Each structure stands twice: as C-alpha cells, then as structure tokens.
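J.: Mind looking over this structure? Questions follow.
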Amino acid sequence: MKANTKAYIALIFICIVWGTTYMAIWVGVAHYPPFLFAGVRQTVAGLILMFIALMVSKQKDLSMQNILRQMLVGFLMLTMGNGGVTWGEKYIPSGIAALLCSMMPLFAVLFNLFSSKKDHFNATIGFGLLLGVCGVGLIFRHNLADMTKPAYIGGMLAVLTATCCWALGSIVNKKHIAPVNPFFNSGLQLLFGGLFMLMLSPAIDSYKDFRLWNKEGLEAMLYLIIFGSVLAYAAYMYALSALPVGIATIYAYINPLIAVIVGYIVLNEDVNIYTGMAFVTIVISVYLVNRGYRKQHIADQKPASKTAVAFPESVADS
C-alpha cells in the first residue's frame, strides 16, 4: 500500500474519531475540572504511545534539541490546543466548540503564508476554506444565536485561542518532523502537553465538589485516552508527515458533521435539512481545497519561463 494511501486512511480515521471526542469531552468536564481531566488524559496517553513506539522500534532521539521541539509542539497543540477546547466546553456546547475548531485549516493556511516565503494563496483554496466554514455554520444554524450570550464569551475565546495554537503547532511540527521514531515523538508531545496541563490545573481549575469516582466521567476518560489520544493523535502525526497541512487539517470540517451524527444516534438530537445541506457543502469544500493544492503543486513543478512571475512554492512542499 502506498504511503499516501495509508495517510488518507489515517485521515479518515481521524475524521471519525475526533468527531466523537467533542461529546466525550463534554461528558468528562461535566464531572471533572477541565485541565485536570485533559492533563490526566494526555499524560497517560503519552506514556502508552511511547511504550508502544519503543516496542515497535527501539530507536529514539533524546537529544535536547528534539526534546525541546516536542515540548513546544506539545504545549501548542495539547496544553493550549486541547486544554483550551476542554476548558471551553465547560461553558459552551460541544457543537459551538466544534464550529470554532472548524476554522483551524484557515488559521493553518494563514500561518503558512506568513511564516514561509515559498507558500502562496489562490482563489480555489480560499473559496474552499470559506465554503467549509459556511457548511459547518449550516450544521449549527440554530445554535449561532446562543454565541451572543455573555456567558459564552469566555468559552468561545478559549476555544478560538486553542484553535489558533493547534494550527500553529501543526505548522511547527510539519516543518521540523524528526525522522527517528516519529510515534515516540508523538508520545513525547502528549506527555509534555499533559504534564503542562497538570501544572496549570491548580491555577485554572476549580476543585469545588470534585469527586474522583464517577462512572460516566471515567468512561469518557478511557475512550479519550485510547481512541482520541493514542490512536487518533498518532494517526494525525502520520497524516501530517505525509500530506500537505491544508489537506491533513481538513478533518476540522468533517468533525462537526460526525458530532451531529453521533448526537442523533446517541442523544436523539434533531437532524434536519440543514444537516444535509452542510454535508454537501463540506464535501465540495474538501474537493476545492484538494484541487487548489494539486494545481499549485503542478504549477510549481513546471519550469518557469524567463518572463514568468516567480511565485512561492506550495504548502504541499513545506
């Protein structure tokens, strides 16, 4: 099986699993302090993934440069990214959180444009990203009015900041992928991200009415550790290493749709015509973003004429 095929399979897995984690996080923070909950989840997941990675390959890069790099990515993507979303879902519905997170590919493209001289934007990619955001907006059309309530502002800002940090962490990780045992490095990112959240928890979380044992909360924790962190995060790091950032982050458009389907099946939530419209819109947006990157890649491979304008290279080569 070709590497790109495996990467696309990993991306499909991410789209499905991370689409279910919004509901699991919502269940978890209903019973546990957000940063404590997310910190335990990611720390345990990091240790598990590191152990599995070492069982498969004994190679590991424990140089200070690599450790500091994984700490940075872990802080951006896990502490600020996952931690911010988890904290935000304490105050806003999981659907609103998913809607805000769907903007992540847009931030990733913008960060690429600002951080690299060889990347450029084209109308196809821009229209595809815009269409994807509109599609997600259709899914949560009836929830948008709630976003104006003062009680939601803190949670919204937290999730929006988290989305920016996750996008930035994805760019940093993409540009500095370590060739030695990348899955071990993913475990390091989870571990460091989780430890940072545990250190921040006493300053951010409220432990009022905290109880260690709660069946629903612990079940959500177990699901998030195994599927949301160990398996899906490893799959994301693999997809990110083999696919352009703009394609690897497409999952952010699909996740909210999965979240709606899970809500319909598990919680008997309403599914209406806007859900179908959103699905069609999102599929078209995915096609357009892929087409935009393919056009860039083909154009960059063609030898430029002496009179041609020298555009930067595609994100696909970053």
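J.: Evaluate the following for residue 252: is it modelled with pLDDT under 80, surrounded by 15 or more Cβ atoms within 10 Å (Cβ to Cβ), among the small types (Gly, Ala, Ser) and closer than 30 Å to residue 53 by Cα? It would help to see each step written out before you state the result.
T.: Values: modelled with pLDDT under 80: yes; surrounded by 15 or more Cβ atoms within 10 Å (Cβ to Cβ): yes; among the small types (Gly, Ala, Ser): yes; closer than 30 Å to residue 53 by Cα: yes.
Criteria met by residue 252.
J.: Then there's this: Residue check: is residue 210 over 18 Å from residue 89 (Cα atoms) and either assigned to a helix (DSSP H, G or I) or touching a Leu at 6+ places or on another chain (Cβ under 9 Å) (or both)? Walk me through how you get there before you give the answer.
T.: Details: over 18 Å from residue 89 (Cα atoms): no; either assigned to a helix (DSSP H, G or I) or touching a Leu at 6+ places or on another chain (Cβ under 9 Å) (or both): yes.
So residue 210 fails the test.
J.: Read through the list (1) surrounded by 16 or more Cβ atoms within 10 Å (Cβ to Cβ); (2) of a type in the set (A, V, I, L, M); (3) modelled with pLDDT of 75 or more, then give the number of the only condition that residue 245 fails.
T.: (3)
J.: Of the numbered conditions (1) within 18 Å of the chain's Cα centre (by Cα); (2) modelled with pLDDT of 80 or more, residue 136 satisfies every one except a single condition; which is it?
T.: (2)
J.: Hey, does the stretch 158-175 have a residue that's touching a residue at least 60 places away in the same chain (Cβ under 8 Å), closer than 16 Å to residue 32 by Cα and touching a helix residue (DSSP H, G or I) at 6+ places or on another chain (Cβ under 9 Å)?
T.: So far as the stretch 158-175 goes, no, none of its residues is touching a residue at least 60 places away in the same chain (Cβ under 8 Å), closer than 16 Å to residue 32 by Cα and touching a helix residue (DSSP H, G or I) at 6+ places or on another chain (Cβ under 9 Å).
J.: Would you be able to say whether some residue in the stretch 30-48 is of a type in the set (Lys, Arg) and without any contact (Cβ under 8 Å) to a residue 12 or more places away in the chain?
T.: Within the stretch 30-48, the subset of a type in the set (Lys, Arg) is 41.
Checking the rest, the ones that are also without any contact (Cβ under 8 Å) to a residue 12 or more places away in the chain come to none.
Looking for residues that are of a type in the set (Lys, Arg) and without any contact (Cβ under 8 Å) to a residue 12 or more places away in the chain, one finds none in the stretch 30-48, hence no.
J.: Which number in (1) at pLDDT below 85; (2) in a helix (DSSP H, G or I); (3) more than 17 Å from residue 255 (Cα to Cα); (4) touching a helix residue (DSSP H, G or I) at 6+ places or on another chain (Cβ under 9 Å) marks the one condition that residue 99 misses?
T.: Failing condition for residue 99: (3).
J.: List the residue pairs whose Cβ atoms are under 9 Å apart, where the first residue sits in the stretch 49-68 and is over 17 Å from residue 230 (Cα atoms), the second is of a type in the set (Gly, Ala, Ser) and at pLDDT 85 or above, and the two are 6 or more positions apart or on different chains.
T.: As it stands, the answer is 60/53, since those pairs meet every condition given.
J.: Being modelled with pLDDT of 75 or more and on the phi > 0 side of the Ramachandran plot, is that true of even one residue in the stretch 205-214? Can you show your working first?
T.: Taking the stretch 205-214 as the starting set, the residues that turn out to be modelled with pLDDT of 75 or more are 205-214.
Restricting the remaining residues to those that are on the phi > 0 side of the Ramachandran plot gives 209.
So far as the stretch 205-214 goes, yes, one or more of its residues are modelled with pLDDT of 75 or more and on the phi > 0 side of the Ramachandran plot.
The values are calculated or read from the model by the stated rules, or taken from the named source; none is laboratory data. Nothing here was measured: the structure is a model prediction, and the numbers come from that model. Methodologically, a virtual Cβ is constructed for each residue, glycine included, from the backbone with ideal geometry; neighbour enumeration extends over all protein chains shown.
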